[in-house]
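All remarks here apply to the structure that follows.
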Amino acid sequence: MSLKSWVLVLMIWGGVVVPGLSRAADEVLVNLAIKDHRFIPDRLEVPAKTKIILVIRNEDAEPEEFDSPALRREKIVFPGRETRLVLGRLDPGDYGFVGEYHEATAKGVIIAR
């Protein structure tokens with residue numbers, strides 16, 4: 001088998017990851033940035049009953065903590081770093097979140113439909 005064929009087989013077998021697009025039919029990557037003590041975007045619409053992986057990138061010079069009691073998730077994101085949170089399969093509804101260190105400005109919602 002040629003090198004091209006092996007690469008193609010490995011890509012199909014391992015799944016090709018393209019940021020912002022689903023990796024599998026039941027799994028979706030969603031990007032969220034922290035900039036100027038705000039979440040961008042502050043409103044995320046995701047498919048319900050689909051495994052959601054939230055990729056959070058902190059573009060600020062200070063750490064921030066993603067905090068969502070509705071999702072039962074907390075995660076500190078250090079400056080210039082990226083982290084992933086597996087949210088699982090969400091039921092339809094609204095799930096609020098805040099930046100615990102800057103609650104006055106860092107607010108958002110995930111809407112599962």
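Here, each number is a calculation from the coordinates, and none is a lab measurement. These numbers come from a predicted model, not from an experiment. For neighbour counting, all protein chains shown are included, and Cβ atoms are generated from backbone atoms with ideal geometry for every residue, glycine included.
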Rounded to 5, the percent of DSSP beta bridges in region 25-86 classed as antiparallel: 60 percent
Contour minus Cα-Cα distance for Glu74 and Ala61 (0.36 nm per residue): 2.7 nm
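Please order Glu64, Glu59, Glu45 by the number of other Cβ within 10 Å, starting at the fewest.
Working: Glu64 24, Glu59 15, Glu45 11.
By the 10 Å Cβ count, ascending, the order reads Glu45, Glu59, Glu64.
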Percent of C-alpha pairs per 10 Å bin, region 25-72, short to long: 23, 52, 22, 3
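Using Cβ contacts closer than 10 Å as the measure, can you line up Lys107, Lys49 from fewest to most? Can you show the working numbers first?
Details: Lys107 14, Lys49 11.
If I rank by nearby Cβ atoms, fewest first, I get Lys49, Lys107.
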Reach of Lys107 by Cα under 20 Å, taken over aspartates and glutamates that are not fewer than 8 positions away in the same chain: Asp36, Asp42, Glu45, Glu59, Asp60, Glu62, Glu64, Glu65, Asp67, Glu74, Glu82, Asp94
